[in-house]
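Below you'll find the structure, written out as structure tokens, and then a few comments.
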Amino acid sequence: MNASGWRRGGDHYYWLTAFLAAHDLQRRTCRAVAASIFGLGAIGPILSLGVLGPGSAAGMVVMAGVSSCCVVMALLWLRPGWPSRRVSWACVVVGTVCIAASSIVVPSHSLGILGVTTYAVLGSFVVVFHSLRLLIFTWTVGAGALAYLAVRLAEDDVSMAVATVLLIVLVNVFAVFACRMVVRLIANDTPYGDLEPVTGLPGRHAFFERVSGLIGARTRDDDRQLVVVVVNLDGYSLMVDVRGRAEADGARVGVARALRETARRDAVIAHPGDAEFWVADLFTTRDPHPLAERIRGAVANSRSGLTASVGVVCTPLEPLAAVPTDDVVEELLNIAISAMFEARRAGGNQTRDAIDPALTVLAPPRED
């Protein structure tokens, strides 16, 4: 993602999904969104208990429908896992209609026009997670509801109607503007040259740098082996052709999340290309097979619906510090990629490993 992408107002749902996952904030965000939806949905039943509630049977039905929709949407955000972009879009559309309906059916026009203020909450969510096109839809529906209520309120007090409309517009515009600026600051401060924009994982260059750090500075005294894993998604190209790029991006986000949950905290995880992921970690033993199997199983059980061919290489750590680390990482990746292709040729959804292979970077120079 870059500055021009922000100016075009593109949808950045998956990038923020990855950003939240990288900072372990997805679950808390889901709970906050669910609590906000549930709280807004509870306003209708509370009003129905008093004299300002809907005065007709039709109004009561509308308010009950709005509350039911809010409960369903809140439960969607409380489900295990992060909601898909399509689910989030649906919640925004339904929420937009629900706010308008609940504001209009209230007998008191001054109370109804106050309810339109809640578009500031919805608009803030849209500008953070979605596109300006969806924000335009939300504001268009909100403007229609606001205009209707303002006209009805102006029948009793024109100055009150004008002042209220001005206040609501200012609150909504400021809330959306502030949220957009915050997210743009996050985007500008993130080193996109080192991050893959969909998953938020490091790219090739960052992987080389971080693995070089692993080689040069051991995190534990008993670390003796460097393990590099190459994960290639089976059938990814077919998914892009059949389901489209959006579904494929969602699958990559799911795989990235599965790898984060499977690997150790100190492991280096990277995503250099569409169908490929890399993992590097330090081990105390020469048996990386359990890690490779956990990764294979995590991908197969993820929401991506894909399987993976996994290649892994394990080599002693100590000799590597004496040679250029970039050359070491490059050769280990090539060995792991060869093992991965062997697993793919065997049918995919398998692992292959190379234990302590002979590395050319460690070979003594030839004598002339």
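Does any residue of the stretch 313-324 turn out to be surrounded by 14 or more Cβ atoms within 10 Å (Cβ to Cβ) and over 24 Å from residue 360 (Cα atoms)?
Taking every residue of the stretch 313-324 in turn, none turns out to be surrounded by 14 or more Cβ atoms within 10 Å (Cβ to Cβ) and over 24 Å from residue 360 (Cα atoms).
Within the stretch 280-289, can one find any residue that is β-branched (Val, Ile, Thr) and within 21 Å of residue 202 (Cβ to Cβ)?
no
Could you list, in sequence order, all residues of the stretch 131-148 that are among the hydroxyl-bearing types (Ser, Thr, Tyr) and more than 17 Å from residue 94 (Cβ to Cβ)?
Across the stretch 131-148, the qualifying residues are 131, 148.
Among 46, 37, which is the only one that is within 22 Å of residue 114 (Cβ to Cβ), loosely packed, with under 14 Cβ neighbours inside 10 Å and modelled with pLDDT of 75 or more?
Testing whether each residue is within 22 Å of residue 114 (Cβ to Cβ), loosely packed, with under 14 Cβ neighbours inside 10 Å and modelled with pLDDT of 75 or more leaves just 46.
Only one of these is surrounded by fewer than 17 Cβ atoms within 10 Å (Cβ to Cβ), touching a Lys or Arg at 6+ places or on another chain (Cβ under 6 Å), in contact (Cβ under 8 Å) with a residue 12 or more places away in the chain and in the same structural domain as residue 212 (by TED's automatic domain parsing): 342, 293. Name it.
342
Hey, any hits in the stretch 222-242 for a residue that's within 18 Å of the chain's Cα centre (by Cα), assigned to a loop (DSSP other than H, G, I, E, B) and not charged (D, E, K, R)?
No.
Within the stretch 202-220, identify whether any single residue is modelled with pLDDT of 90 or more and out of contact with any helix residue (DSSP H, G or I) (no Cβ under 9 Å at 6 or more places or on another chain), and answer yes or no.
Checked against the condition, which is being modelled with pLDDT of 90 or more and out of contact with any helix residue (DSSP H, G or I) (no Cβ under 9 Å at 6 or more places or on another chain), the stretch 202-220 yields no hits at all.
Yes or no: residue 347 closer than 14 Å to residue 232 by Cβ and more than 30 Å from the chain's Cα centre (by Cα)?
The answer is yes for residue 347.
From 161, 178, 187, grab the single residue that is more than 20 Å from residue 266 (Cβ to Cβ) and at pLDDT 90 or above.
Matching residue, one of 161, 178, 187: 178.
Would you check which residues across the stretch 284-340 are in a strand (DSSP E or B) and either within 30 Å of residue 80 (Cβ to Cβ) or basic (Lys, Arg) (or both) and list them?
Listed by number, the residues that qualify are 307, 308, 309, 310, 312.
Of all the helices (runs of 4 or more DSSP H) wholly in the stretch 72-170, which have at least 2 residues that are outside the structural domain of residue 39 (by TED's automatic domain parsing), without any contact (Cβ under 8 Å) to a residue 12 or more places away in the chain and out of contact with any Lys or Arg (no Cβ under 6 Å at 6 or more places or on another chain)?
Because the criterion is at least 2 residues that are outside the structural domain of residue 39 (by TED's automatic domain parsing), without any contact (Cβ under 8 Å) to a residue 12 or more places away in the chain and out of contact with any Lys or Arg (no Cβ under 6 Å at 6 or more places or on another chain), no helices (runs of 4 or more DSSP H) in the stretch 72-170 meet it.
The values are calculated or read from the model by the stated rules, or taken from the named source; none is laboratory data. Since the model is a prediction, treat every value here as computed from it, not as a measurement. When we count neighbours, we look across all protein chains shown, and the Cβ atoms used for this are built from the backbone with ideal geometry, even at glycine.
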